[in-house]
Amino acid sequence: MRKSTQLVRSRIAAKTTTTNGDAFAAPPVFAAPFHFSGDPSGAAYTYGRFHNPTWTSLEEAIAALESSDGIAATAYVFPSGMAACLAVLSSALRPGGVIALPANGYYTVRRLLERYFAPMGVETRLIPKDVGPRENILRGATLLWLETPTNPELDIWDIRAWSDAAHRAGALVAVDNTTATPLGQDALALGADYSVVSGTKALTGHSDLVLGHVAVSREDLAEQIHEWRTLSGSILGPMEAWLALRSLPSLPLRLERACANALAIASYLEGRRDRRGDVLRVLYPGLPSHPGHALAAAQMEHFGPVVSFALQSAERAESFIAKAALITDATSFGGISTSAERRARWGSDAVEPGLIRLSAGCEAIDDLLEDIEAALD
């Protein structure tokens with residue numbers, strides 16, 4: 001069964017397990033303790049920090065999405081994308097360990113490593129962009145952390161080549177797969193040991209949830225992630241899990257529309273750059289002009305909903321966002337509504353002041369293009 005069909009059917013019980021009068025989709029289960037007697041190992045559910053039936057349903061749906069031919073994934077949900085990141089980092093790294101990651105990857109992960117892991121004796125090696133797998137980078141590494149496409153400059157990293165090189169060096173590989181989603185890029189099948197996703201973004205897509213997940217295909221890594229969540233109490237509420245489960249079935253439709261809109265917007269901006277010169281550069285892996293386009297086409301099913309482009313100044317970028325009627329000024333991405341922000345306003349990304357990260361939503365593309373043109377004009 002194809003992944004899109006699995007997602008659409010993920011909330012519906014199999015015919016063989018239902019009787020007349022059963023709810024079409026199971027409601028959320030709110031419980032701290034569960035009824036059980038005797039040996040806890042024989043009980044499906046005992047206590048709310050350990051497990052919850054609504055988590056189980058969501059994790060089974062995500063695991064099916066993360067699985068592929070020859071890869072049987074296990075997934076665990078967390079209360080945010082960064083909580084999912086921390087679960088991997090805390091499980092894999094110990095004092096004396098070494099992590100290698102892109103120098104322009106997600107700022108909060110780099111900040112976490114700098115502020116908390118470095119004082120505990122974990123070395124961070126930042127990999128320059130446009131560098132292929134190198135022995136000196138990976139020698140002695142414990143964990144390779146990739147993000148592809150990166151946020152916000154949308155660089156593409158070769159998951160297969162880097163994973164093969166890291167494994168030869170004895171390192172585990174984690175891929176932040178938030179921008180593409182597991183439907184758009186199969187990180188585990190490409191060789192990663194961990195697929196880490198902020199479900200706050202396109203995975204759930206309605207800009208009303210904060211959550212994350214980690215998916216793995218190795219039993220020992222699954223046990224480590226599960227133990228970290230149980231001991232740390234980094235758990236998702238059942239209502240949030242249910243809302244995420246409600247949102248997942250529309251992912252194929254949302255992603256297809258948003259990615260088509262993103263490509264159309266990127267193509268328009270590139271054309272305007274050539275005609276008018278008021279757009280300085282356009283970054284989108286779906287454009288043939290993108291330096292990572294061929295690699296993205298080889299390892300991604302969709303090019304993602306995010307387009308980054310640079311205008312001449314911070315003032316020009318702020319003016320554009322303010323005057324665009326159909327673009328909401330917001331810091332997240334992957335929602336069903338189009339949003340954008342000037343990334344340099346945070347002071348955390350080494351990008352030009354006029355760089356805009358735009359997240360294409362699911363509006364009619366003609367309306368979006370007309371709005372973008374009017375705002376630029």
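The values are calculated or read from the model by the stated rules, or taken from the named source; none is laboratory data. This one's a predicted model, so the numbers in the text were calculated from it and none came from an experiment. For neighbour counting, all protein chains shown are included, and Cβ atoms are generated from backbone atoms with ideal geometry for every residue, glycine included.
Reported count of residues in segment 118-134, each being farther than 21 Å from G292 by Cβ, loosely packed, with under 15 Cβ neighbours inside 10 Å and of a type in the set (A, V, I, L, M), is 2.
Checking each residue of segment 300-308 against the condition of being over 19 Å from S337 (Cα atoms) and either modelled with pLDDT of 95 or more or outside the structural domain of P28 (by TED's automatic domain parsing) (or both) gives at least one match. Take segment 87-128 and flag every residue that is in contact with an Asp or Glu (Cβ under 9 Å, 6 or more places away or on another chain) and in a loop (DSSP other than H, G, I, E, B). Listed by number, the residues that qualify are G96, G97, N104, G105, Y106.
The set of residues in segment 66-86 that are assigned to a strand (DSSP E or B), modelled with pLDDT of 95 or more and of a type in the set (S, T, N, Q) contains only T74. Within segment 70-99, the set of residues being of a type outside the set (A, V, I, L, M) and in contact (Cβ under 8 Å) with a residue 60 or more places away in the chain comprises G70, T74, Y76, F78, P79, S80, G81, C85, S90, S91. In the set R316, R257, only one residue is part of a helix (DSSP H, G or I), within 14 Å of S359 (Cβ to Cβ), in contact (Cβ under 8 Å) with a residue 24 or more places away in the chain and assigned by TED's automatic domain parsing to the domain that holds I372; that residue is R257.
Kindly check whether there is at least one residue in segment 95-102 that is loosely packed, with under 14 Cβ neighbours inside 10 Å and either more than 20 Å from G170 (Cβ to Cβ) or at pLDDT below 95 (or both). Within segment 95-102, not a single residue is loosely packed, with under 14 Cβ neighbours inside 10 Å and either more than 20 Å from G170 (Cβ to Cβ) or at pLDDT below 95 (or both). For segment 160-184, a residue qualifies if it is closer than 22 Å to A260 by Cα and assigned to a helix (DSSP H, G or I), and the qualifying residues are T181, P182, L183, G184. Among residues belonging to segment 24-40 that are surrounded by 10 or more Cβ atoms within 10 Å (Cβ to Cβ) and not in a loop (DSSP other than H, G, I, E, B), point out the one that is nearest to the chain's Cα centre (by Cα). It comes out as A25. Each residue in segment 185-208 was checked for being buried (at least 20 other Cβ atoms within 10 Å of the Cβ) and either under 21 Å from C259 (Cα atoms) or among the small types (G, A, S) (or both), and 16 pass.
A quick yes/no check of all residues on (1) farther than 25 Å from H290 by Cα; (2) free of Cβ contacts under 8 Å to residues at least 60 places away in the same chain; (3) buried (at least 23 other Cβ atoms within 10 Å of the Cβ):
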{"position": "L138", "(1), (2), (3)": "yes, yes, no"}
{"position": "A161", "(1), (2), (3)": "no, yes, no"}
{"position": "D164", "(1), (2), (3)": "no, yes, no"}
{"position": "P182", "(1), (2), (3)": "no, no, yes"}
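Which residue pairs have Cβ atoms under 7 Å apart, sit 6 or more places apart or on different chains, and have a first residue in segment 24-48 that is modelled with pLDDT under 90 and a second that is surrounded by 14 or more Cβ atoms within 10 Å (Cβ to Cβ) and not in a loop (DSSP other than H, G, I, E, B)? So the pair list comes out as A26/S57.
Looking at the structure I just gave you, is P291 crowded, with 19+ Cβ neighbours inside 10 Å and at pLDDT 95 or above? So P291 does not fit the description; no. On the stretch given as segment 319-342, residues that are assigned to a loop (DSSP other than H, G, I, E, B) and within 18 Å of the chain's Cα centre (by Cα) total 9.
Scanning segment 1-23 for residues that are in a loop (DSSP other than H, G, I, E, B) and in contact (Cβ under 8 Å) with a residue 60 or more places away in the chain yields R9, S10, R11. Go through segment 352-370 and count every residue that is under 18 Å from E270 (Cβ atoms), crowded, with 16+ Cβ neighbours inside 10 Å and either modelled with pLDDT under 95 or out of contact with any strand residue (DSSP E or B) (no Cβ under 7 Å at 6 or more places or on another chain) (or both). Residues meeting the conditions: 4.
Here's the yes/no breakdown for (1) of a type outside the set (A, V, I, L, M); (2) modelled with pLDDT under 95; (3) over 22 Å from S90 (Cα atoms):
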{"site": "V109", "(1), (2), (3)": "no, no, no"}
{"site": "Y116", "(1), (2), (3)": "yes, no, no"}
{"site": "G121", "(1), (2), (3)": "yes, no, no"}
{"site": "P128", "(1), (2), (3)": "yes, yes, yes"}
{"site": "V131", "(1), (2), (3)": "no, yes, yes"}
{"site": "W145", "(1), (2), (3)": "yes, no, no"}
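Scanning segment 131-153 for residues that are under 13 Å from the mean Cα position of the chain (by Cα) and either outside the structural domain of A174 (by TED's automatic domain parsing) or in a loop (DSSP other than H, G, I, E, B) (or both) yields T148, P149, T150, N151, P152.
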